[in-house]
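The structure appears below as structure tokens.
The values are calculated or read from the model by the stated rules, or taken from the named source; none is laboratory data. This is a predicted model, so every value here is computed, not measured. Cβ placement follows ideal geometry from the backbone for every residue including glycine, while neighbour counts extend to all protein chains displayed.
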Amino acid sequence: MSLLAVEALSKSFGGVHAVQDLSFEIEQGKIHSIIGPNGAGKTTVFNLLTGLYKPSTGRVVFDGEEVTGRDAHELARRGMSRTFQNLQICFNMSAVENVMVGAHLRLDQRLLGCMLRLPAVKRGDTRCRDEAVELMHFAGVGKYAGAEAHAMPYGALKRLEIARALAARPRLLLLDEPAAGLNPTETHEIDELIQKVAASGTTVVLVEHDMRLVMGISDHILVLDYGRKLAEGSAREVRANPEVIAAYLGTLSESQER
Amino acid sequence: MLITAAVIALLPLALPNNYYYDVAIRIGMNAAMVVGLNLLIGYAGQISLGHAGFVGLGGYASAILTSRYGWPPVAAMLLAMACVGAIAFLVARPILRLRGHYLAMATLGLGIIIYMVLVNESSLTGGNDGMQVPPFTLFGATLANERAWYWATGAVLLVAIWVANNIVDSPLGRALRALHGSEVAAQVAGVDTTRYKVRVFVVSAVFASVVGSMMAHYVGFITPQVSGFFHSIELVTMVVVGGMASTYGAVVGAAILTMLPQVLSRFEGYEMIAFGAILMLTMIFLPRGLLPTIAARWRRS
């Protein structure tokens, strides 16, 4: 059974159809990519899936249960986690605290316990901090474990977000352009990181413009254009699809010439 | 924390007479309140321009229960805390869905409503003339003089700081700071942001209620002015001047702005102008507030 099923999903913003009649499935344990030219609706799809936008029509079924229109924090509770294309780091906190926020749902958050710093809360927090540091090492930003978030460079912040998303121990991890703005070495490292995450059993959905990264690691690719599904399949199938070449890879080769 | 305790313990050596004790007590009370308000404004990033309303509610609940119904002051204070917490909870849910200017306006309205109720329910509150409040007694002992009040206030302030620090460095506090830093990041991490805003709003309202009760008993008299708009602004100013998201900054802010009117009293009538000027200058030159700015300078050098 698929982990996530999207049926006839649509979202319009005042007459602009950002996503139209989109259906697809995400299979457990695989790496999926959503690609498409700028403005194709990829990030809108992410926002719809994670509950930041409410769909105009259509259904989202996560793990056999309909979750259409649920709030983001509720979807997080069910095992969804994500990163953002334009970073959403809490710059008023330290790096490790940012990661700890990701583990929020697994911690004792009761008011009285927190106010009086009961031993259980304290223990949970200490363990959480250790795990967060470990995750930062896993994500390749271990050397910033003692840093404030605002003192970190861009590439490290991208990985800090991945560490934060992983701290929730998600079943479905959605990465919105994890390689954007990174140099080739860093991109390669992100590539390895994603594969490590997938190997640990987390299902990954990737929105990404870096074609080498996408084609290299994706089990399944969904191509969007103007908010509609243009094609889907394996990397080879998608590359061979004439419509995809016309709509998307054409613009890619232009950008490569630059 | 230890430093604060030491300051509270040693300060009496430097206080020559009751007038200074009085100032110290007022500083302590304001500080305890502002430490709570700072959780809402400084850490969670939500504004409240009506917080004096909760001070008034707590103060009047204590005043009415003790003087008109003969309740023991401690019981009255606890019931006041519960009622203020409940009221804050009820209004917080709709109000804290709002952001920025809209939240500011809504909390401003809330403060005005409370003020008007206290003025108009004169059969209970005595209206604009205010009402007498009996002295505070605990286990048969009365807090009779400034010295006794000083120690009581010091203890309450220490508890307030301890609780606030615990909250800040807990999953709850991280959730609050996270929703301040990036609301969507907090949401996708599983933080029910509205619920957490409501929680911190209630906590800070209860802090205000406790201090409201204490002030009523200490002064022995209460008027609706305690819940007035100017008092709300004064509290916000203490948070901003001392330093947002800094518990000790809040204490420093409370100390400065409580002493200021005493120092400025020779400018009679113009204190408010100085007050406004200080707020403006802080925003321009020390946008992070006094203590965080000094701390940052210190670390750099």
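Does A:Arg70 count as surrounded by fewer than 23 Cβ atoms within 10 Å (Cβ to Cβ), more than 25 Å from A:Ala231 (Cα to Cα), assigned by TED's automatic domain parsing to the domain that holds A:Ala156 and not β-branched (Val, Ile, Thr)?
For A:Arg70, the condition - surrounded by fewer than 23 Cβ atoms within 10 Å (Cβ to Cβ), more than 25 Å from A:Ala231 (Cα to Cα), assigned by TED's automatic domain parsing to the domain that holds A:Ala156 and not β-branched (Val, Ile, Thr) - is not met.
Each row is one residue, and each column tells you yes or no for (1) free of Cβ contacts under 8 Å to residues at least 12 places away in the same chain; (2) among the polar types (S, T, N, Q); (3) over 30 Å from A:Gly155 (Cα atoms).
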residue	(1), (2), (3)
A:Leu48	no, no, no
A:Lys54	no, no, yes
A:Thr57	no, yes, yes
A:Arg78	no, no, no
A:Arg82	no, no, no
A:Gln85	no, yes, no
A:Met93	no, no, no
A:Val99	no, no, no
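Which of the residues that make up region B:113-124 are part of a helix (DSSP H, G or I) and surrounded by fewer than 17 Cβ atoms within 10 Å (Cβ to Cβ)?
B:Ile113, B:Met116, B:Asn120, B:Ser122, B:Ser123, B:Leu124
Of all the criteria given as (1) surrounded by 22 or more Cβ atoms within 10 Å (Cβ to Cβ); (2) without any contact (Cβ under 8 Å) to a residue 12 or more places away in the chain, the one not satisfied by B:Lys197 is (2). When the residues of region A:116-134 are filtered to those that are buried (at least 18 other Cβ atoms within 10 Å of the Cβ) and facing chain B (nearest Cβ under 9 Å), the one that is farthest from A:Glu161 (Cα to Cα) is A:Val121.
Within region A:100-115, the only residue that satisfies the criterion of being surrounded by 24 or more Cβ atoms within 10 Å (Cβ to Cβ) and either more than 9 Å from chain B (Cβ to nearest Cβ) or β-branched (Val, Ile, Thr) (or both) is A:Val101. For first residues located in region B:172-192 and facing another protein chain (nearest Cβ under 7 Å), partners that are outside any helix (DSSP H, G or I) and β-branched (Val, Ile, Thr) and lie 6+ apart or on another chain with Cβ distances below 8 Å form the pairs B:Ala175/B:Val191; B:Ala178/B:Val191; B:Gly181/A:Ile89; B:Ser182/A:Ile89; B:Ala185/A:Ile89; B:Val188/A:Thr50. Within region A:26-43, the presence of at least one residue that is touching a residue at least 12 places away in the same chain (Cβ under 8 Å), within 14 Å of chain B (Cβ to nearest Cβ) and either farther than 25 Å from A:Gly201 by Cα or surrounded by fewer than 22 Cβ atoms within 10 Å (Cβ to Cβ) (or both) is confirmed. So, A:Leu224, is that one buried (at least 20 other Cβ atoms within 10 Å of the Cβ), more than 15 Å from the chain's Cα centre (by Cα) and at pLDDT 90 or above or not? Here the answer is yes, as A:Leu224 does meet what is asked.
A quick yes/no check of all residues on (1) among the aliphatic types (A, V, I, L, M); (2) surrounded by fewer than 24 Cβ atoms within 10 Å (Cβ to Cβ):
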{"position": "B:Val163", "(1), (2)": "yes, yes"}
{"position": "B:Asp169", "(1), (2)": "no, yes"}
{"position": "B:Val184", "(1), (2)": "yes, yes"}
{"position": "B:Asp192", "(1), (2)": "no, yes"}
{"position": "B:Ser209", "(1), (2)": "no, no"}
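So, B:Val163, is that one in contact with a Lys or Arg (Cβ under 6 Å, 6 or more places away or on another chain), modelled with pLDDT of 95 or more and within 7 Å of another protein chain (Cβ to nearest Cβ) or not? For B:Val163, the condition - in contact with a Lys or Arg (Cβ under 6 Å, 6 or more places away or on another chain), modelled with pLDDT of 95 or more and within 7 Å of another protein chain (Cβ to nearest Cβ) - is not met.
Against the conditions (1) without any contact (Cβ under 8 Å) to a residue 40 or more places away in the chain; (2) more than 25 Å from B:Ala152 (Cα to Cα); (3) in a helix (DSSP H, G or I), B:Arg93 satisfies every one except (1). Scanning region B:197-213 for residues that are of a type in the set (A, V, I, L, M, F, W, C) and within 13 Å of chain A (Cβ to nearest Cβ) gives B:Val198, B:Val200, B:Phe201, B:Val202, B:Val203, B:Val206, B:Phe207. For B:Ala144, the criteria (1) outside any helix (DSSP H, G or I); (2) at pLDDT 95 or above hold in every case but one, which is (2).
Does A:Val207 fit the bill of being crowded, with 23+ Cβ neighbours inside 10 Å, among the β-branched types (Val, Ile, Thr) and in the same structural domain as A:Ile34 (by TED's automatic domain parsing)? Yes: the conditions hold for A:Val207. Please work out if B:Glu268 is of a type in the set (D, E, K, R), under 14 Å from the mean Cα position of the chain (by Cα) and either on the phi < 0 side of the Ramachandran plot or crowded, with 17+ Cβ neighbours inside 10 Å (or both). No. So is A:Glu97 more than 9 Å from chain B (Cβ to nearest Cβ) and either among the acidic types (Asp, Glu) or closer than 19 Å to A:Pro170 by Cβ (or both) or not? No: the conditions fail for A:Glu97. Could you go through region B:216-236 and let me know if any residue there is aliphatic (A, V, I, L, M), in contact (Cβ under 8 Å) with a residue 12 or more places away in the chain, more than 12 Å from every other protein chain (Cβ to nearest Cβ) and not in a helix (DSSP H, G or I). Checked against the condition, which is being aliphatic (A, V, I, L, M), in contact (Cβ under 8 Å) with a residue 12 or more places away in the chain, more than 12 Å from every other protein chain (Cβ to nearest Cβ) and not in a helix (DSSP H, G or I), region B:216-236 yields at least one hit.
So which strands (runs of 3 or more DSSP E) stay within region A:147-258 end to end and still have 1 or more residues that are without any contact (Cβ under 8 Å) to a residue 24 or more places away in the chain?
Values: elements: A:172-176, A:203-207, A:220-225, A:228-233.
Fully inside region A:147-258 and qualifying: A:228-233.
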